[in-house]
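Step one of this worksheet: look at the structure below.
Readers should treat all values here as calculations from the given coordinates under stated rules, not as data from a laboratory. Predicted model only: the values in this text are computed from it and were never measured. Reconstructed Cβ throughout: ideal geometry from the backbone, glycine too, with neighbour counts over all protein chains shown.
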Amino acid sequence: MAGLAAWRGITAAALLFALAGCFFNHGQNLPRAADALERSALEPPRPERFTLCRDHGCMSERPVSLGAGAWAEIIAPLRSAAATPAEERRQVAEAVGRFERAAGPQAGTAADVGGTLTGYGAGGQQDCVDEAVNTTRFLQMLDKAGLLRHHEVGTPVHRAWIPDELTHLTAVLVEDGSRRDYAIDSWFHGNGHAAEVVDIEAWLEGWQPAVWHFEAAALQDRQPKLASDGKAQATTPAR
């Protein structure tokens with residue numbers, strides 16, 4: 001990937017201000033995301049050697065190395081080839097959660113909570129810049145392993161409700177054939193939960209889940225189940 005070649009933003013009426021936005025001052029944070037992905041282009045991530053962004057705006061990166069057993073557990077949902085693109089997106093959503101749970105202890109992000117302001121200032125927390133870069137790198141690893149049969153990895157997309165202020169960023173998969181973009185958004189929920197999969201047009205209009213799982217999945221009794229559209233179903237009330 002040649003970095004973040006294109007950014008798309010929209011202006012809309014103010015939504016739930018504290019929750020809907022991921023970070024401020026995207027004039028600094030978006031270039032950091034682009035730089036991080038440029039480095040990935042120069043040295044493509046591999047399960048045995050990659051870095052995870054953390055501490056908001058990819059302010060720091062921690063090295064992670066996943067053994068063959070851990071990687072096999074992560075990609076288990078994708079072992080059986082999906083019959084349809086929608087099924088593959090559901091598989092990817094689950095695999096993103098597994099990836100976070102496996103990498104979190106090494107990167108210090110195992111207790112990352114959903115959103116940004118909920119855990120702001122605590123060590124090992126991630127905003128949507130961190131999440132988008134990390135998820136994109138994971139998608140690149142899946143692609144290199146030949147596990148994406150109906151999609152290719154797209155360029156991360158951002159939306160902004162207040163120009164140059166409140167904004168949000170997501171990783172993207174592009175469906176083969178239709179060329180439709182889908183947000184693969186792991187920011188809304190705590191570490192280890194399945195990612196949200198949303199048509200990019202709905203995402204750009206300000207989409208957000210009805211229920212947010214702020215607590216890391218490892219701290220809950222079970223991971224959220226996936227609905228037929230690939231979105232995480234509610235298992236605990238938002239707070």
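Rank the residues Phe50, Phe138 as a footprinting-exposure proxy: fewest other Cβ atoms within 10 Å of their Cβ go first. Each step should come with its number before you reach the end.
On the way: Phe50 23, Phe138 27.
Ordered by Cβ neighbours within 10 Å, fewest first: Phe50, Phe138.
Would you mind working out the magnitude of the charge dipole of region 17-219 relative to its Cα centre, with +1 at each Lys and Arg C-beta and -1 at each Asp and Glu C-beta, to the nearest 20 Debye? Numbers along the way, then the final one.
Numbers: 17 positive and 28 negative charges, 111 e Å.
Here the size comes out at about 540 debye.
Using the 2.2 N^0.38 Å rule of thumb for compact globular proteins, work out how region 17-219 stacks up: its C-alpha Rg over that value, please.
For region 17-219, the normalised Cα radius of gyration is 0.93.
Quick check on the exposure proxy: order Ile184, Ile75 from fewest to most C-beta atoms within 10 angstrom.
The most exposed by this proxy come first: Ile75, Ile184.
Using Cβ counts within 10 Å as a stand-in for footprinting exposure, how do Ser65, Ser40 rank, fewest first?
Listed from fewest to most nearby Cβ atoms, that is Ser65, Ser40.
Given a Förster distance of 22 angstrom, what is the FRET efficiency for Ser65 paired with Ala145, based on the Cβ-Cβ distance and rounded to 0.05? Present the calculation step by step, with values, prior to reporting the outcome.
Working: r = 16 Å, r/R0 = 0.73.
Taking R0 as 22 Å, the efficiency between Ser65 and Ala145 is 0.85.
Report the gain in length on full extension from Glu43 to Val211: 0.36 nm times residue separation, minus Cα-Cα distance, nm rounded to one decimal.
Roughly 56.8 nm would be gained on extension.
Tell me the label-point distance for the pair Arg79, Ser178, using the 7 Å Cα-to-Cβ offset, in nm and rounded to one decimal.
Here the modelled spin labels are 2.9 nm apart.
Rounded to the nearest 20 debye, what is the charge dipole size of region 134-201 about its Cα centre when +1 sits on each Lys and Arg Cβ and -1 on each Asp and Glu Cβ?
Roughly 280 debye, rounded to the nearest 20.
Using per-residue counts of other Cβ atoms within 10 Å, averaged over each peptide, order 90-101, 51-62 from highest down. Can you show the working numbers first?
On the way: 90-101: 24.8, 51-62: 20.7.
In decreasing order of mean packing, 90-101, 51-62 become 90-101, 51-62.
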